[in-house]
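Each remark here refers to the structure printed beneath this line.
The values are calculated or read from the model by the stated rules, or taken from the named source; none is laboratory data. All figures in this text were calculated on a predicted structure; none of them were measured in a lab. Note that we place each Cβ from the backbone using ideal geometry, even for glycine, and neighbour counts take in every protein chain shown.
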């Protein structure tokens, strides 16, 4: 019923207004798509971090490893206590946590991102349907005007 | 002759007003950008605050200052993040006020431009008839 009301309003609008409306809706939808992609990338990175953490927890203390100093320079080292991890929580703050807490942190962040993703998806779908409806009405109007010529 | 110079004056006025309008619009766009940056920072700081709140008293907190990780007192870190959140919130409110003001100015400028355009049109119509 609500969309019918909006549809009636759009019927009264001119072709230019409809075109502008559709362009704006398309633009907003593209922005939503970009945000959705960003969230997906961030979630993937968090999942990699989570896997790395889990792997780290399996390694014994004193295990030989190669430590990256730069992207192309590694130095040999030994694994210290893997029970403590430093978590980057943002704005330059790092928190020392246990392995368990670190894993929980990753879980929490991943869940937060997933719920944000779902919410955003809902809004984006609505915006897309508005854009599609506007486009359909625009087409209908153009067809109406064409035969008159 | 009188009407031609009046016309020229109106057109100059229109140009000035159009320049003012475009400056206003640039200011509004800049305002939006700064607001976006602050909103993102606010969100990040609130996340940090949530994490800090979950910690025990004895948990270790470090702050990255340049290339150095410095151990911080949990209470101090909490206070700093809270202060930052307050500062950003006040900045955002201030920007909101400025934005409203700019938008009002923009609308009145648009109306003024419209009026000048109408006067130009009526002048030109008058000249055409003559």
What's the number of the condition residue A:51 fails, among (1) in a helix (DSSP H, G or I); (2) at pLDDT 90 or above; (3) surrounded by 12 or more Cβ atoms within 10 Å (Cβ to Cβ)? (3)
Which one of A:134, A:70, A:43 is part of a loop (DSSP other than H, G, I, E, B) and either more than 30 Å from residue A:16 (Cα to Cα) or modelled with pLDDT under 90 (or both)? A:70
Tell me yes or no: at least one residue of segment B:29-37 is in contact with a strand residue (DSSP E or B) (Cβ under 6 Å, 6 or more places away or on another chain) and at pLDDT 90 or above. no
Which members of segment B:61-83 meet the condition of being more than 11 Å from residue A:93 (Cβ to Cβ) and surrounded by 15 or more Cβ atoms within 10 Å (Cβ to Cβ)? none
Go through segment B:43-80 residue by residue and tally those that are facing another protein chain (nearest Cβ under 7 Å) and in a helix (DSSP H, G or I). 6
Somewhere in segment A:77-84, is a residue surrounded by 14 or more Cβ atoms within 10 Å (Cβ to Cβ), at positive phi and either free of Cβ contacts under 8 Å to residues at least 40 places away in the same chain or within 12 Å of chain B (Cβ to nearest Cβ) (or both)? no
Scan segment A:56-65 for residues that are loosely packed, with under 10 Cβ neighbours inside 10 Å and not in a loop (DSSP other than H, G, I, E, B) and jot them down. A:58, A:64
Looking at segment A:87-100 only, could you name the residues that are more than 7 Å from chain B (Cβ to nearest Cβ), without any contact (Cβ under 8 Å) to a residue 24 or more places away in the chain and surrounded by fewer than 17 Cβ atoms within 10 Å (Cβ to Cβ)? A:88, A:98, A:100
